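*Asks:* Below are the structure tokens for one structure; questions will follow.
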Amino acid sequence: MTTIADSPWARQRSNRAERLARAARLAGVRAKAVDADAIVALLEALIEPGDRVCLEGDNQKQADFLARALTQVSPERVHDLHMVQSVLSLPEHLDVFELGIASRLDFSFSGPQSLRLAQLLGQGKLQIGAIHTYLELFGRYFIDLTPKVSLIAAQAADAQGNLYTGPNTEDTPAIVEATAFKSGIVVAQVDEIVDKLPRIDIPADWIDFVVRAPEPAFIEPLFTRDPAQISEIQVLMAMMAINGIYAEYGVQSLNHGIGFDTAAIELLLPTYGERLGLKGRICRHWALNPHPALIPAIESGWIESVHSFGSELGMEDYVRARPDVFFTGPDGSLRSNRAFCQAAGHYACDLFIGSTLQMDMMGNSSTATLGRIAGFGGAPNMGADARGRRHASEAWLKAGREARDGLPGVRGTPRGQKLVVQMVETFREHMQPAFVETLDAWKLAEQAGMPLPPIMIYGDDVTHVLTEEGIANLLLCRDDGEREQAIRGVAGFTPAGQRRDRAMVEKLRARGVIRRPADLGIDPRDATRNLLAARSMRDLVRASGGLYQPPRRFRNW
């Protein structure tokens, strides 16, 4: 009788056993516990050439000790790895390609390493399989990009190997489950090993090895924005967003992208939003990290619930003290989960608002520009109409009616539509126009041999374009010509904006497709920083009752 171990249907399991046996013979390895100075030898024993390896690089939490260790393995023993990870944040994430340890990459976001990534791609030192949105990449972990070895980070472990991931759970559950249940191997770095965990986030039998890192895992305060840096143009745009979109559609559930633009919206809710009588009518339920800029709105009773992709440094005590708002465990700490929050943001939110580096005249947008491959993060998922959605809301139904009014046949079938807003100043850094005739993504695709241009949000998903010039409601456009002129009409003095058909733009304004600040009853002279509910980091601390403790780099007192 053939045993499971000898079965041709259990080769992956047999290979796993061989790897574990090699690791067990190493000095510094005792069952699941690994000494920090034995970690390189452990990785050389576990990882084989050509393996698919997931190195946990999240939006914020980084398995930085394991990342450094991976760069120290011998390229003669470990090479041609296929790296699958959501974020390229640390230099080590690309060092493995320069050192000949890895050769292929599938990822979602590379903001901090975007310039170097483009350089390495141009030098032929790596191949990119695809640039994904987060949920797409997590999905492929369970289909055709299942990791053989995963290197993850957690806050603490106990003697059995159970893990406590703390506020920054982020991507960990998706990575571990895909690996552990497909005969893979999971190595966890932890900040500390304790007798009793506050809660068990990942059970011990999903974890193969645990190493206590010399220093706590690096966590980036990615969503913290100093209110002192919010400009009056951003205040003006935030006023238009609240008045011309949030109030217009009665948006109750939403997600904000990262940036000072959206931070301004959050800080105007208790002031400008209150003046408009919108409390209780908009912005009650959020899929969002615990942004410090949310504190004044939470404290003034605007926000009922927040589910988070990850946490935010310094917000731990504040979250612990507001369990009615945030999702927390019995220990009081935040329970974040990027996969679940991405699903919530796609299906359960009425609106996504974010920014971009470039937008063309059809509304396609991308953060992949020449010399810089930043990736997309969650934007393609959050900023896409959820065609599988079936529950109704006022905002969803109104957007759907506007998009389909008067259309014949199947295109006119009644259904709702998600509001997807691109909020961008007409000129970005170094006076580069945000509005262009052709996205750099087309040239980048040609140079890199990509099958499709790396477009972040497709134009047919974008419902509104918001600039300092006004709002273009693309739902009301009857054809591509009107759509183009609506976008040009809010593109300001960019070359694309100056090519607008002035007569058509005025007709679109008369129909309400384009609305200027004056059309919304907004005097730009009123758009001052005095409207912000907090104008400094210290104001946010005061608003929190001292519970918010900003990271050192954000303190100027």
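*Asks:* Return one whole number: the accessible area per residue of the chain in Å², for a 1.4 Å probe.
*Replies:* Heavy-atom SASA per residue in the chain reads 40 Å².
*Asks:* Rounded to the nearest 5, what % of DSSP beta bridges with both residues in the chain are antiparallel?
*Replies:* 30
*Asks:* Could you tell me the largest-minus-smallest coordinate of the C-alpha atoms of region 1-136 on each of the three principal axes, in descending order and whole angstroms?
*Replies:* Per principal axis, max minus min of the Cα coordinates gives 55, 35, 29 Å.
*Asks:* So what is the calculated 222 nm ellipticity per residue for the chain, using -39500 (n - 2.57) for each DSSP H run with n of 4 or more, over all residues, to the nearest 500 deg cm²/dmol?
*Replies:* One gets -7500 deg cm²/dmol as the mean residue ellipticity at 222 nm.
*Asks:* Taking a quarter of the surface of the convex hull around the Cα atoms of region 147-284, what do you get in nm²?
*Replies:* Mean orientational projected area (region 147-284, Cα hull): 11.6 nm².
*Asks:* Can I ask one more? Past 31 Å, Cα to Cα, is the threshold; run K32/K61; K125/K148; K279/K418; K61/K182; K418/K507; K61/K279 against it and keep the listed order.
*Replies:* K61/K279
*Asks:* Compute for region 308-430: radius of gyration divided by Kirkwood radius, i.e. Rg/Rh, restricted to C-alpha atoms, rounded to two decimals.
*Replies:* For region 308-430, the value is 1.06.
*Asks:* Stretch R428-F142 to full length: gain in nm at 0.36 nm per residue minus the Cα-Cα span?
*Replies:* My answer for the length gained is 99.1 nm.
*Asks:* Right, here's the next one. Just how large is the dipole of the chain about the Cα centre, in debye to the nearest 20, putting +1 at every Lys and Arg Cβ and -1 at every Asp and Glu Cβ?
*Replies:* 840
*Asks:* Could you state the per residue volume, in Å³, of the convex hull enclosing the Cα atoms of region 119-228?
*Replies:* Measuring per residue, one finds 171 Å³ for the Cα hull of region 119-228.
*Asks:* Right, something else. Given a cut-off of 23 Å, what percent of all Cα-Cα pairs of region 67-154 lie beyond it?
*Replies:* Distances greater than 23 Å cover 18 percent of the Cα pairs.
*Asks:* Now for a different question. Take the Cα radius of gyration of region 48-97 and divide it by 2.2 N^0.38 Å, with N its residue count; two decimals is plenty.
*Replies:* 1.07
*Asks:* Give me the angle, in degrees from 0 to 90, between the Cα long axis of helix 232-241 and the longest principal axis of the Cα atoms of the chain, rounded to the nearest 10.
*Replies:* So the inclination is approximately 80 degrees.
*Asks:* Quick one, can you get me the convex hull of the C-alpha atoms of region 443-526 expressed as volume per residue in Å³?
*Replies:* Cα-based convex hull of region 443-526, divided per residue, equals 128 Å³.
*Asks:* Next up: Under a Cβ-only charge scheme (Lys and Arg +1, Asp and Glu -1), can you give me the dipole magnitude of region 325-424 about the Cα centre, in debye to the nearest 20?
*Replies:* Using Cβ point charges on Lys, Arg, Asp and Glu, region 325-424 gives about 280 debye.
*Asks:* In region 343-489, what is the volume of the convex hull around the alpha carbon atoms, normalised per residue and reported in Å³?
*Replies:* That works out to 124 Å³ per residue.
*Asks:* Let me ask something else. Quick one: what do you get for the chain if you divide its Cα Rg by 2.2 N^0.38 Å?
*Replies:* Normalised Cα radius of gyration, the chain: 1.01.
*Asks:* Moving on. Once you have the Cα-Cα distance between A33 and A321, take 0.36 nm times their residue separation minus that, and quote the gain in nm to one decimal.
*Replies:* Extra length from A33 to A321 when fully extended: 100.2 nm.
*Asks:* Moving to a separate point now. Measure off, as a whole percent, the carbon and sulfur share of the 1.4 Å-probe accessible area of region 284-441, all protein chains present.
*Replies:* 55
*Asks:* How big is the dipole moment of region 510-557 about its Cα centre under a simple scheme where the beta carbon of each Lys and Arg is +1, that of each Asp and Glu is -1, and everything else is neutral? Debye, nearest 20, please.
*Replies:* With Lys and Arg at +1 and Asp and Glu at -1, about 280 debye.
*Asks:* By how many nm would the segment from R281 to E506 grow when fully extended, if each residue of separation counts as 0.36 nm and the alpha-carbon distance is taken off?
*Replies:* Stretched out fully, the R281 to E506 stretch lengthens by 77.8 nm.
*Asks:* Lys/Arg Cβ at +1, Asp/Glu Cβ at -1, dipole of the chain taken about the Cα centre: which of Q417, A434, I175 is farthest positive-ward?
*Replies:* Q417
*Asks:* If the label point is 7 Å along Cα→Cβ of Q498, which residues in region 419-462 have backbone nitrogen under 20 Å from it?
*Replies:* 425-439
*Asks:* Return, ordered by residue number, the residues of region 171-194 whose backbone nitrogen is under 15 Å from a label point located 7 Å along Cα→Cβ of R25.
*Replies:* It comes to no residues whatsoever.
*Asks:* Using +1 at the C-beta of Lys and Arg and -1 at the C-beta of Asp and Glu, which of W9, V73, V96 has the Cα lying farthest in the positive direction of the dipole of region 2-143?
*Replies:* Checked the options; the winner is W9.
*Asks:* May I ask for the Rg/Rh ratio of region 383-464, computed from Cα atoms with Rh as the Kirkwood radius, given to two decimals?
*Replies:* The Rg/Rh ratio comes out at 1.08.
*Asks:* Along the positive direction of the dipole of the chain (beta-carbon charges: Lys, Arg +1; Asp, Glu -1; about the Cα centre), which of A31, I233, G489 reaches farthest?
*Replies:* G489
The values are calculated or read from the model by the stated rules, or taken from the named source; none is laboratory data. None of the values given here were measured: they were computed from a predicted structure. Note that each Cβ is placed from the backbone with ideal geometry, even for glycine, and that neighbours are counted across all protein chains shown. The area values use the complete protein model at the heavy-atom level, side chains included, leaving out ligands, DNA and RNA. Shrake-Rupley method; radii C 1.70, N 1.55, O 1.52, S 1.80 Å.
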